[in-house]
Amino acid sequence: MKTRRPFLSLAAAVAAALSFTLAGCGGGNGEPPPDDTITDVVPVVPVVTITNNVVAETATGAITFTFSFNVDVGTSFTVDDVTVVDGSKGAFTRLSGSQATLVVTPPADAVGLVVVSVAAGAVNDATGAVNEAVMVQKAFDTSVVTPPPGGDTLLADFDAALPPVAGFEGAEGSAVVPCPAGGGTGNCFMVLRSGGQVFALGIVETTVPVTATKRTISAKVFSPTAGIPMVLKIEGPGGANSGDVVPNEAVVAGWQTLTWTFAGVDPALTFNKIVLLPNLGAVDAPPGKSYYFDDMKLVEASAPPPPSGTVLANFDDVLPPVAGFEGAEGSAVGPCPAGGGTGNCFNVLRSGGQVFALGIIEATVPVTATRRTISAQVFSPTAGIPMVLKIEGPGGANSGDVAANEAVVAGWQTLTWTFTGIDLSKTYNKMVLLPNLGTVDAPPGKAYYFDDIVLLGAAGGGSGPLTFSSGFAGGNRTVEGGEFGGFSGSNLDGFGCNGLPENCGGGGDMTPAVAAADSFFYYYYQTAVPAEALYAGIYVQAPGVTGGLSATADTPGLQLAGQTQIKFNFNPNPEWFGTATNNFMVQFDMGKLYDTGGPCHIQLRKVVTPTSAGQAAYALDLDSFAVVQNCGVAGLTAASVLATQPISQVSFQAAGGGAAVSDGTKTTGANLSAPNGAGVYPTTLVIKGGILFE
């Protein structure tokens with residue numbers, strides 16, 4: 001129950017005591033004495049002004065009070081000179097002889113007033129003059145409010161929601177200050193990194209209530225530098241630690257909305273601290289650089305799009321026979337737990353028995369050369385365990401044990417299993433579910449829930465090729481009418497090339513006389529001295545798509561239907577190819593628009609090592625692409641994304657040094673070390689002919 005204490009009467013009591021003290025210092029009728037009675041100059045006495053850091057009318061957490069004296073009182077002012085009514089004294093810091101701070105924490109789950117006072121005569125200056133009394137009060141409301149289910153949770157906006165902040169290891173100058181123009185509202189938390197360690201950091205103390213469906217933090221961020229790591233992690237008591245997490249988006253110079261997804265954290269743990277590590281790994285030399293954060297939210301994950309394919313079981317209208325064995329005999333179909341699934345689920349209840357206690361679903365699985373991935377919504381009570389599935393059939397047909405493509409989290413997520421080595425000539429009519437394979441779940445056991453089990457891809461088709469573009473034409477359009485072009489920049493030009501030929505440009509053979517398959521487009525970026533961070537690339541948009549990705553609606557694109565590879569012809573320039581940093585990246589930008597505090601499109605990425613400095617054909621398996629920007633949607637895989645969303649843009653990119661990126665296996669590169677005969681350092685990408693999905 002919420003407690004309400006008689007704070008007004010306490011404040012009145014303190015005020016009365018102070019009034020009594022003040023009355024003892026004088027009296028009379030309030031008129032000044034005659035001039036001839038003034039014989040000495042009245043000394044300046046210490047006067048203290050008390051302010052606090054909470055802009056809002058009502059505080060919801062700890063309050064930092066600042067005591068500012070009009071004269072130097074040396075060390076005579078201590079924490080013992082401060083009286084606090086209905087609040088607990090915390091850290092006391094003497095900033096100078098005339099200023100100090102005190103952190104006061106109001107009582108939990110209560111509403112009222114914190115009263116802070118300094119009694120008359122408690123403090124003196126060098127002349128022996130003593131202070132006058134002062135008292136202030138601040139309303140607070142620390143009521144425990146249960147957040148409504150669903151929706152985003154505001155963690156800090158540094159105006160109304162202003163949790164304690166601090167900086168360490170070279171970021172001690174960090175503070176809450178007005179936001180720079182162009183983004184943010186009101187105040188921001190400025191992490192000022194100036195010397196110190198490569199891990200100079202800022203901390204925001206606030207509860208981060210992660211759940212199975214709320215694992216992404218969104219924030220408006222201002223960075224003075226593009227292409228740097230903007231790392232964030234969450235921590236809590238008992239060693240709870242998410243580990244370092246990089247944003248789902250590339251960092252630009254200026255304002256943008258970034259998101260960080262904590263896929264592997266345990267929602268059962270408490271997290272009450274956000275650790276901000278901008279430009280992690282580098283020292284920002286004095287006078288340093290300022291990084292601003294505002295509107296920090298824990299984002300409710302968007303519901304994943306329904307998978308496209310053949311429904312094998314949803315345990316409502318598609319309900320095949322099920323059973324449990326070897327310690328999972330209690331398995332059955334029943335209502336799904338909250339937070340995922342719909343209607344009924346198959347509950348595999350493992351309680352003792354064998355380490356391979358299992359559930360079985362009897363359903364035909366019509367795998368083909370282009371349909372080899374099963375998707376399911378899965379609830380696990382434990383994170384980090386193996387979630388194994390296999391398919392079997394008559395005559396010894398057996399896929400073997402296949403682990404999920406995703407790391408398992410505690411709670412609900414979408415998992416996928418891809419069967420790459422199976423015999424397609426055989427029939428498969430049984431799915432074997434082996435959660436936590438290799439371990440016995442001792443009685444009373446643990447329950448694992450499965451719902452919406454789908455064989456991804458369109459039935460009866462999808463094996464034919466799809467043309468994204470057949471070649472390059474005039475006016476920066478492909479033969480199919482999609483826009484194409486180049487982009488580049490480095491630390492030497494503010495990460496935005498000026499278009500002058502000595503720096504960057506593009507060209508090729510796109511005349512009507514050339515066959516589409518022989519047309520080509522190149523884009524180059526070159527520097528007079530080696531760059532420290534560099535990117536350059538070619539983008540090609542889907543048939544009929546121009547103007548980039550929409551920030552207000554879904555963007556059209558090419559929807560795959562079971563294709564398994566992308567094919568294209570590519571070559572780098574020989575100087576770049578000859579370096580140790582010659583990897584390039586292929587990236588898909590999907591058409592569906594999400595809102596994560598700003599427009600967001602899911603991105604898939606594959607980093608490739610070139611095979612030749614000349615023109616070479618490449619065929620990349622689509623299931624080897626990684627989801628590098630998930631827009632707050634948990635549990636995505638390349639297969640599940642490509643089965644449900646169109647590809648609106650394909651790009652080929654070089655990115656080296658401080659701008660390098662990874663697909664989780666390989667890291668991109670660019671030419672940072674090899675000059676050509678003209679003494680410049682070129683990075684050139686060439687695409688010849690079309691882009692095909694087969």
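Grab the other residues whose beta carbon is less than 15 angstrom from that of Asn272, score K and R as +1, D and E as -1, and report the net. Provide the component values of the computation, followed by the final result.
Working: positive: Lys233, Lys273; negative: Glu205, Glu235, Asp266.
Here the count lands on -1.
Taking the accessible area of the stretch 55-161, probe 1.4 Å, and keeping the other protein chains in place, the carbon and sulfur fraction comes to 54%. For the peptides 510-518, 174-182, the ranking by packing is 174-182, 510-518, with the highest mean count of neighbouring Cβ atoms within 10 Å listed first. Ranked by solvent-accessible area (1.4 Å probe, protein heavy atoms only, all chains present), the residues Ser651, Ser143 order from largest to smallest as Ser143, Ser651. Straight-distance candidates among the aspartates and glutamates for linking to Lys666, with alpha-carbon spacing under 13 Å and chain neighbours fewer than 8 residues away dropped, are absent. A compact globular protein would have a Cα radius of gyration near 2.2 N^0.38 Å; the ratio found for the stretch 388-476 is 1.59. Rolling a 1.4 Å probe over the protein chains gives Asp452 an accessible area of about 40 Å².
Taking θ as phi - 60° and the Karplus parameters 6.51, -1.76 and 1.60, the scalar couplings of the stretch 580-596 work out to 7, 10, 9, 5, 10, 10, 10, 10, 9, 9, 8, x, 5, 9, 10, 10, 10 Hz in sequence order, x denoting glycine and proline. What accessible area per residue comes out for the chain, rounded to a whole number of Å², with a 1.4 Å probe? It amounts to 42 Å² per residue over the chain. Toward the positive end of the charge dipole of the stretch 115-219, with +1 on the Cβ of Lys and Arg and -1 on the Cβ of Asp and Glu, the farthest Cα among Val210, Pro178, Phe199 is that of Val210.
The value given for the stretch 476-547 is a Kirkwood hydrodynamic radius of 13.5 Å, derived from the mean inverse Cα-Cα separation. For the stretch 565-694, the fraction of C-alpha pairs more than 21 angstrom apart is 44%.
Counting each pair of different Cα atoms once, what's the Kirkwood radius of the stretch 172-268 in Å, rounded to one decimal? Please report the intermediate quantities before stating the final value.
Numbers: mean 1/r = 0.0674 Å⁻¹.
Final number for the Kirkwood radius of the stretch 172-268 is 14.8 Å.
Rolling a 1.4 Å probe over the protein heavy atoms of the stretch 283-401, with every protein chain left in place, gives an accessible area that is 56 percent carbon and sulfur.
Note on Lys289: aspartates and glutamates with a C-alpha under 17 Å away, same-chain residues under 8 apart excluded, are Glu169, Glu172. Relative to the longest principal axis of the Cα atoms of the chain, the long axis of helix 7-23 lies at roughly 40 degrees. Across the protein chains, with a 1.4 Å probe defining accessible surface, the residues Thr142, Thr665 rank Thr665, Thr142 from largest area downward. Diagonalising the gyration tensor over the Cα atoms of the stretch 407-545 and scaling each eigenvalue by 5 before taking the square root yields semi-axes of 49, 26, 12 Å, largest first. With only the Cα atoms considered, the stretch 559-627 has a convex hull volume of 117 Å³ per residue.
Among the listed pairs Lys138/Lys233; Lys138/Lys273; Lys426/Lys446, which have their C-alpha atoms separated by more than 29 angstrom in this model? Check vs 29 Å cut-off fails for Lys138/Lys233; Lys426/Lys446.
Taking only Cα atoms of the stretch 107-250, what ratio of Rg to Rh do you get with Rh as the Kirkwood inverse-distance radius? Before the final figure, lay out the partial values.
On the way: Rg = 20.0 Å, Rh = 18.9 Å.
We get a ratio of 1.06 for the stretch 107-250.
Taking the accessible area of the stretch 203-262, probe 1.4 Å, and keeping the other protein chains in place, the carbon and sulfur fraction comes to 55%. With a Förster radius of 45 Å applied to the beta-carbon distance between Ala580 and Val55, the computed FRET efficiency rounds to 0.30.
Across the stretch 526-537, coupling constants 3J(HN,Hα) worked out from phi with the 6.51/-1.76/1.60 Karplus curve, θ = phi - 60°, read 9, 10, 6, 10, x, 7, 9, 8, 8, 9, 7, x Hz, and Gly and Pro carry x. Projected onto planes of every orientation and averaged, the convex hull of the alpha-carbon atoms in the chain covers 41.2 nm².
Net charge near Phe584, counting Lys/Arg +1 and Asp/Glu -1 over other residues with Cβ under 13 Å of its Cβ? In short, +2. A P(r) calculated from all alpha carbon pairs of the stretch 171-212, with 5 Å bins opening at zero, reads 5, 20, 18, 19, 18, 13, 5, 1 percent. Shape index of the stretch 77-164: Rg/Rh, with Rg the Cα radius of gyration and Rh the Kirkwood radius from the inverse mean 1/r over Cα pairs, equals 1.11.
The values are calculated or read from the model by the stated rules, or taken from the named source; none is laboratory data. Keep in mind the model is a prediction, meaning the values are calculated, not measured. Don't worry about glycine lacking a Cβ; one is built from the backbone with ideal geometry, like all the others, and counts go over all protein chains shown. Just so you know, the surface numbers come from the protein's heavy atoms only, side chains and all, with ligands and any DNA or RNA stripped out. Shrake-Rupley method; radii C 1.70, N 1.55, O 1.52, S 1.80 Å.
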